[in-house]
Amino acid sequence: MTLNDLKNPELKKWLQEWIDLCTPDAVHICDGSQEEYDKLCNMMVKSGTFIKHDKPRNSYNCRSDISDVARVEGRTFICSRREADAGPTNNWCNPKEMRTTLKGLFKGCMQGRTLYVIPFSMGPVDSPIAKYGIELTDSPYVVVNMAIMTRVATEVLKRIDKGTEFVRCVHSVGAPLAPGQADVPWPCAPMDKKYITHFPETREIISFGSGYGGNALLGKKCFALRIASVQARDEGWMAEHMLILKLTNPKGESKFIAAAFPSACGKTNLAMMRPSLKGWKVEVIGDDIAWMQFDKNGQLRAINPEAGFFGVAPGTSMKSNPNAMLTCNRGNAIFTNTAITMDGGVYWEGMDKVPEEAVDWQRRPWKPDMKDADGKAIKAAHPNARFTVPARQCPVIAKEWEDPAGVPISAFLFGGRRASVVPLVNEALDWEHGVFLGATMASETTAAAVGGVGLLRFDPFAMLPFCGYHMGDYFGHWLKIGKVNGAKLPKIYYVNWFRKTPEGEWLWPGFGENSRVLKWIFERVDGKAEARTTAIGNLPTDDALDLKGLGISEEHKQMLLECDKEGWLKVIPEMKAHFAKFGNRLPKTLVRQLEALEARLNA
Ligand code: GTP
Ligand code: SPV
Ligand code: MN
């Protein structure tokens, strides 16, 4: 398709305005074909952006600029008309002011580059839960990643041209090329010129200056969470930072579970885990985002709006996450900021075999024993190095993963990185208590966003950086979901795989062993497994959790499964301060939940 084939005057006007402002050398409308993908990858090999791997097959390696390695929360803005609608957890900017700033930045920003028009669907093209978008970008890296992560198709553009609504996404790396100026492998703009902006009322995203992950692949966090959360609020559904998995017991009975963990806190790993428990099976529907609606029978159904995995590479191995490794090994992958081995393969920290030599993510020679000036080991891969792979290649992709109707959800899990206080698993007393658990979730920060790592912060529902409106109203939306007439509500659990001993060792082996917790949850949903009610919720009774063969000491088991009253009482003032931020938009129900928790702890 070419620009001349388009008939929709609004669509044409929007495209033309951006073309006129950005002044690219050429415009290319993407069709999502393999041919197009191969052509762009070859072009990037020639330009020095990509290196082709010898293995896995048809895979590429890409190293970003060292200043452009993760999401930039400090440069991310919600430009709602009223400041109060963005709420205390978002950076707000007046939309008029932001548009003026962006106009200045975008003027001529694509000089020397091609503007790609990417028509994409979030979710199976024909699903009633799916939504469409168009991303304009001057980054071929973004085009090929979007081709894996979303469904790019001419059919989508045809439907948009006929009037189907879509989210307008505009992206530039913010690095125009003067005539004759040579390009760099990873063009981007300096930090103070990066802007990841959202206009919730007009369903628009405009992103400038970064080429990395959620800053640039606009279907992901910008659309599928920040804009979609606003659409979900307005239309009565849910857009959540959740994996979706299918859990099957030894009898062959299956349940679907969705789990919200903050960035780099274990969603991809849990979604495709290989259970250590015999006879149990986990299959994946999605590893990062869930869109959910009630069907006419009151059953909550979820789709994965994405089509690929943009997974954290470090820590991924045949031992920790064999199914992610096997997905990558099938080829068609893009590795960003990993190391390259001397025989043309890929390497990152935590992979099974450490090479004697490699080229690190900053293109420097690397050896395992190398230390920096402070004596710290030099990492071969960036801690937020990622693989992009098609979901359909995953050996444990569930057969239902593209079902347009979605899969029925039986349980929600919340979780995060907590070295202390939070037990291995805790069942909410009811929906409202579950919403309280989600609203008071906290987790240690990770390398998925630029900033400090390991700092404890409240991250309600793992949505702190992703909720496109006032978080107090978002809590209210969750409470409202609980009151939908005839709704079959999922049971809610709070899990923590990241407990540590006072000496700093992991208390829980995690990964495939997390199946022991999934088993308990499966059986609780069926009303079978035993629990004891404590001040913080329902915890597994002493023998309800299957810990056979783990070799966990009694002392550690106690730590993992206890209600640490003292620890929780210490957190109460922090929870109060956290809630105070939301002012009068904090639902009273949550205030009552907090008071009730305090009373139970003091009882
Ligand atoms: P995003 O893609 O950023 O949203 O991350 P995610 O939530 O999908 O996290 P992912 O599964 O990629 O895990 C992030 C890091 O945590 C990896 O280095 C994993 O190896 C590690 N990890 C995952 N699950 C566990 C676990 O059960 N225990 C421990 N100790 N580490 C884990
Ligand atoms: C996250 O940070 O939660 C991710 C990676 O899933 S990104 O696409 O960069 O948002
Ligand atoms: Mn994520």
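The values are calculated or read from the model by the stated rules, or taken from the named source; none is laboratory data. These figures come from a predicted structure and were not determined experimentally. Backbone-built Cβ (ideal geometry, glycine too); neighbour counts: all protein chains shown. All accessible areas refer to the heavy atoms of the entire protein, side chains included, with ligands and DNA or RNA removed. Shrake-Rupley method; radii C 1.70, N 1.55, O 1.52, S 1.80 Å.
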- Message: So for the range 363-371 (the condition being crowded, with 21+ Cβ neighbours inside 10 Å, away from ligand 1 (no atom under 16 Å from the Cβ) and within 30 Å of Val143 (Cα to Cα)), does at least one residue qualify?
- Response: no
- If you go through the range 375-396, how many residues are at positive phi and in contact with a strand residue (DSSP E or B) (Cβ under 8 Å, 6 or more places away or on another chain)? 0
- Taking the range 299-326 and keeping only residues that are in contact with a strand residue (DSSP E or B) (Cβ under 7 Å, 6 or more places away or on another chain) and away from ligand 2 (no atom under 16 Å from the Cβ), one is left with Gln299, Leu300, Arg301, Ala302, Ile303
- Based on what the data block shows, is Leu464 within 16 Å of ligand 2 (Cβ to nearest atom), under 30 Å from Gln299 (Cα atoms), modelled with pLDDT of 95 or more and open to solvent by 10 Å² or more (accessible area, probe 1.4 Å)? yes
- Note on the structure: Checked the range 431-444 for anything in contact with a strand residue (DSSP E or B) (Cβ under 6 Å, 6 or more places away or on another chain) and either of a type outside the set (D, E, K, R) or surrounded by 20 or more Cβ atoms within 10 Å (Cβ to Cβ) (or both); matches are Gly434, Leu437, Gly438, Met441, Ala442
- Task: Go through (1) touching an Asp or Glu at 6+ places or on another chain (Cβ under 9 Å); (2) within 12 Å of ligand 1 (Cβ to nearest atom) and name the single condition Ala259 misses.
- Result: (1)
- Message: Given the criteria out of contact with any Phe, Trp or Tyr (no Cβ under 8 Å at 6 or more places or on another chain), within 16 Å of ligand 2 (Cβ to nearest atom) and touching a residue at least 12 places away in the same chain (Cβ under 8 Å), does Gly512 qualify?
- Response: no
- Message: I'd like to check which strands (runs of 3 or more DSSP E) are fully inside the range 195-309 and have at least 1 residues that are at positive phi, in contact with a Pro (Cβ under 7 Å, 6 or more places away or on another chain) and open to solvent by less than 10 Å² (accessible area, probe 1.4 Å).
- Response: none
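Yes or no, residue by residue, for (1) at pLDDT 95 or above; (2) touching a Lys or Arg at 6+ places or on another chain (Cβ under 9 Å); (3) within 23 Å of Gly104 (Cβ to Cβ); (4) hydrophobic (A, V, I, L, M, F, W, C):
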residue	(1), (2), (3), (4)
Glu155	yes, no, no, no
Ile160	yes, no, no, yes
Gly163	yes, no, no, no
Ser172	yes, yes, yes, no
Pro176	yes, yes, yes, no
Cys188	yes, yes, yes, yes
Met191	yes, yes, yes, yes
Lys194	yes, yes, yes, no
- Selection count, the range 551-571, where residues are of a type in the set (A, V, I, L, M) and exposed (fewer than 15 other Cβ atoms within 10 Å of the Cβ): 1
- Message: List the residue pairs whose Cβ atoms are under 9 Å apart, where the first residue sits in the range 217-230 and is within 12 Å of Pro305 (Cβ to Cβ) and basic (Lys, Arg), the second is within 15 Å of ligand 1 (Cβ to nearest atom) and in a helix (DSSP H, G or I), and the two are 6 or more positions apart or on different chains.
- Response: Lys220/Met149; Lys220/Gly213; Lys220/Gly214; Lys221/Gly213; Lys221/Gly214; Lys221/Asn215
- Given (1) open to solvent by 10 Å² or more (accessible area, probe 1.4 Å); (2) of a type in the set (D, E, K, R); (3) more than 30 Å from Ser59 (Cα to Cα); (4) in contact with a Phe, Trp or Tyr (Cβ under 7 Å, 6 or more places away or on another chain), where does Asp473 come up short, assuming only one miss? (4)
- Message: So Gly48 ticks every box in (1) within 19 Å of Val389 (Cβ to Cβ); (2) loosely packed, with under 14 Cβ neighbours inside 10 Å but one. Which box is left unticked?
- Response: (1)
- Query: Do we have Trp18 as surrounded by fewer than 18 Cβ atoms within 10 Å (Cβ to Cβ), out of contact with any Lys or Arg (no Cβ under 6 Å at 6 or more places or on another chain) and in the same structural domain as Gly209 (by TED's automatic domain parsing) here?
  - Reply: no
- Please go through the range 394-430 and pick out each residue that is open to solvent by less than 10 Å² (accessible area, probe 1.4 Å), within 16 Å of ligand 3 (Cβ to nearest atom) and not in a strand (DSSP E or B). Gly416
- Message: So, in the range 488-506, how many residues would count as being open to solvent by 10 Å² or more (accessible area, probe 1.4 Å) and aliphatic (A, V, I, L, M)?
- Response: 1
- Item | the range 135-169 - residue that is of a type in the set (D, E, K, R) and open to solvent by 10 Å² or more (accessible area, probe 1.4 Å) and, of those, nearest to the chain's Cα centre (by Cα) | Arg151
- Within the set of pairs 6+ apart or on separate chains, which have a first residue in the range 431-451 that is at positive phi and assigned to a helix (DSSP H, G or I), a second that is open to solvent by less than 30 Å² (accessible area, probe 1.4 Å) and modelled with pLDDT of 95 or more, and C-beta atoms under 7 Å apart? none
- If we ask which residues in the range 515-524 are crowded, with 18+ Cβ neighbours inside 10 Å and either under 17 Å from Ile492 (Cβ atoms) or more than 16 Å from ligand 1 (Cβ to nearest atom) (or both), their number turns out to be 6
